[in-house]
Amino acid sequence: MGQGPSTSALQQCIEGVAGNRAGFTAFAGNPLYQIQWVKPYNLDVPVEPAAVVRPQTAQDISEIIKCANLNGVKVQAKSGGHSYQNYGAGGSDGAVVIDMVNFQKFSMDTKTWQATIGAGHRLGEVDKKLHAQGGRAMAHGVCPGVGLGGHATIGGLGPMSRMWGSCLDHIVEVEVVTADGKIQRASATQNEDLFWALRGSAAGFGVITEFVMKTHPEPANIVQYEYTIKLGKQAHVASLYSKWQALMADPKLDRRFGSMFIMFPLGAIITGTFYGSQQEFLKSGIPNALPQDGNGHLVLNDWLGSLAHDAEKEALYLSGLAMPFISRSLAFKRQDLLGPEKIKDLFNWVDAQKKGTLLWFIIFDAAGGAIEDVAQNATAFAHRDKVMYYQSYGIGLPVTKTTKDFITGFHDQVVQKAGPGTWGTYPGYVNKALVDQQKQYWDSNLPALEQIKAKWDPKDLFHNPGSVRPAKR
Ligand SMILES: Cc1cc2nc3c(=O)[nH]c(=O)nc-3n(C[C@H](O)[C@H](O)[C@H](O)COP(=O)(O)OP(=O)(O)OC[C@H]3O[C@@H](n4cnc5c(N)ncnc54)[C@H](O)[C@@H]3O)c2cc1C
């Protein structure tokens with residue numbers, strides 16, 4: 001803990017909150033601490049929190065926050081623990097981690113169809129409960145193990161986001177414990193500035209205990225498309241990527257369609273999900289614009305079937321399990337997308353590199369649609385104008401220098417080709433190595449966020465390496 005407080009004072013304070021409750025907390029030095037308590041997702045990013053606490057009520061959280069304040073340590077909430085840089089475990093050593101695993105409340109208001117959901121839920125559980133209580137649904141990403149707490153608070157983008165917006169666009173109200181230990185409600189009419197900040201950068205502003213979220217009826221019919229090209233060389237798929245990118249960047253593209261283009265060692269995969277019937281899919285004109293021959297096929301599904309299909313496909317290239325990996329990411333405005341010649345160069349560059357692993361993937365993910373409908377400054381989420389994201393993964397045991405050079409080299413290539421920075425980085429794909437992380441994540445919303453931070457958390461209690469810092473006053 002370096003120059004921090006004596007661990008025992010912090011420990012005594014937290015143990016006082018725990019009382020005689022078993023399984024409430026563990027401290028650095030516990031022999032099973034990393035495996036059973038910290039549970040880092042990225043095993044290439046070591047982190048040692050001072051304490052991990054599993055509170056049962058908002059009042060517990062309030063008291064733990066007071067302990068952290070008294071002892072001058074930082075605090076991070078942890079929901080699903082799927083941060084790329086283990087920010088849910090503090091992201092750097094010495095934090096108090098508030099693990100939300102016990103916050104599993106769920107109820108549905110059948111008049112408004114708004115669901116109240118505890119912040120410890122994983123996305124897969126949210127889907128099952130929404131389905132069971134009225135056949136309802138919301139937009140979110142594809143990994144069922146990701147936590148709602150860390151996902152709905154930074155964005156939350158998935159195949160249905162072009163149709164319904166990001167996960168955070170579904171938030172109507174939250175309960176949150178703030179840096180002074182107070183349990184508050186935040187919504188469009190209560191603590192509005194805090195509510196604005198929580199929808200995009202909550203990690204720096206408090207611990208959300210529950211969300212009230214709007215929901216939609218589940219789509220009845222879903223068409224899932226998949227096309228695999230196993231040509232071994234990326235140069236062979238560059239023209240397919242150009243074609244796919246042109247389709248995804250078309251402002252008139254049917255919003256019921258979401259799609260990914262995935263480069264992997266043997267070639268590429270194009271996946272697509274259309275929320276409508278096969279007849280509607282054919283009528284949309286999309287099939288004609290997508291590769292149709294070769295190894296392409298369609299699967300007709302219902303809502304839960306489509307989510308399981310997405311999760312299964314995702315698990316082929318990105319496991320929900322902890323592993324050592326390096327990742328980079330960038331979000332593109334329409335005008336930053338690479339032209340065909342630059343795409344060809346980039347794909348040739350990939351072929352020419354040593355990778356140091358067979359487990360590498362580069363995913364291009366379409367955005368836009370309903371995400372773009374919301375104004376840039378309506379929430380803290382600053383990527384309304386982005387129509388495409390890329391993210392790369394190099395996995396290894398350990399991650400070698402060769403793999404790191406490949407992943408960072410690819411990023412440099414993209415940045416150089418996209419030209420000087422109108423792009424940014426999605427805060428769901430955090431990267432400690434980024435210069436000026438906060439500017440990349442929150443762009444034009446950053447100055448307002450810094451002011452709100454100075455009001456609600458002037459001592460920067462809620463902190464990770466990339467969270468919003470308070471404006472100097
Ligand atoms: C396998 C995998 C697949 C993914 N797929 C997608 C995808 O399809 N779409 C997408 O948009 N993103 C995706 N992501 C990124 C994911 O959305 C983010 O990493 C997200 O922040 C993880 O949330 P978590 O709760 O699981 O993580 P955690 O590590 O628990 O938390 C991440 C951050 O959120 C904060 N936080 C967590 N809970 C709370 C809370 N209750 N109150 C306040 N702050 C909180 C933490 O303090 C931390 O800073 C994926 C990540 C992985 C690892």
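Quick look at the numbers
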read-out	value
Any hit, the range 165-184, residues being under 25 Å from Y41 (Cβ atoms), touching a Cys at 6+ places or on another chain (Cβ under 9 Å) and of a type in the set (A, V, I, L, M)	no
Leading residue by the ranking (nearest to N71 (Cα to Cα)) among those in the range 132-145 that are open to solvent by less than 30 Å² (accessible area, probe 1.4 Å) and within 8 Å of the ligand (Cβ to nearest atom)	G145
Number of the condition not met by K129 [criteria: (1) basic (K, R); (2) open to solvent by less than 40 Å² (accessible area, probe 1.4 Å); (3) under 21 Å from G305 (Cβ atoms)]	(2)
Scope the range 379-415; condition without any contact (Cβ under 8 Å) to a residue 60 or more places away in the chain, open to solvent by 40 Å² or more (accessible area, probe 1.4 Å) and not in a helix (DSSP H, G or I); matching residues	D385, T400
Criterion violated by L359 - all others in (1) closer than 20 Å to E314 by Cβ; (2) crowded, with 22+ Cβ neighbours inside 10 Å satisfied	(2)
The range 205-215, residues that are open to solvent by less than 10 Å² (accessible area, probe 1.4 Å) and touching a helix residue (DSSP H, G or I) at 6+ places or on another chain (Cβ under 6 Å)	F205, V207, T209, M213
Strands (runs of 3 or more DSSP E) fully within the range 159-266 counting 3 or more residues that are away from the ligand (no atom under 16 Å from the Cβ)	222-229
Candidates D436, D460 - the one that is under 23 Å from the mean Cα position of the chain (by Cα) and open to solvent by less than 40 Å² (accessible area, probe 1.4 Å)	D460
All positions within the range 265-298 that are in contact (Cβ under 8 Å) with a residue 60 or more places away in the chain, open to solvent by 30 Å² or more (accessible area, probe 1.4 Å) and under 24 Å from N348 (Cβ atoms)	P265, G294, N295
Where P470 falls short, out of the listed (1) part of a loop (DSSP other than H, G, I, E, B); (2) surrounded by fewer than 22 Cβ atoms within 10 Å (Cβ to Cβ); (3) touching a residue at least 60 places away in the same chain (Cβ under 8 Å)	(3)
Condition broken by I154, with the remaining ones in (1) open to solvent by 20 Å² or more (accessible area, probe 1.4 Å); (2) assigned to a loop (DSSP other than H, G, I, E, B); (3) within 11 Å of the ligand (Cβ to nearest atom); (4) touching a Lys or Arg at 6+ places or on another chain (Cβ under 8 Å) satisfied	(4)
Subset of the range 39-77 that is in contact with a strand residue (DSSP E or B) (Cβ under 8 Å, 6 or more places away or on another chain) and open to solvent by 20 Å² or more (accessible area, probe 1.4 Å) - its residue that is nearest to the ligand (Cβ to nearest atom)	A77
Output for the range 205-219, where each listed residue is touching a Gly at 6+ places or on another chain (Cβ under 9 Å) and not acidic (D, E)	V207, I208, T209, F211, T215, P217, P219
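Condition check ((1) within 10 Å of the ligand (Cβ to nearest atom); (2) in a loop (DSSP other than H, G, I, E, B); (3) touching a residue at least 60 places away in the same chain (Cβ under 8 Å)) across all residues:
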| position | (1), (2), (3) |
| --- | --- |
| G94 | no, yes, yes |
| Q104 | no, yes, no |
| S107 | no, no, no |
| T116 | no, no, yes |
| E125 | no, no, no |
| K129 | no, no, no |
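The values are calculated or read from the model by the stated rules, or taken from the named source; none is laboratory data. Just so it is clear, the structure is predicted and the values come from calculations on it, not from any experiment. Note: ideal-geometry Cβ built from the backbone for every residue, glycine included; neighbour counts use all protein chains shown. Heads up: the accessible areas ignore ligands, DNA and RNA and are worked out on the full protein's heavy atoms, side chains in. Shrake-Rupley method; radii C 1.70, N 1.55, O 1.52, S 1.80 Å.
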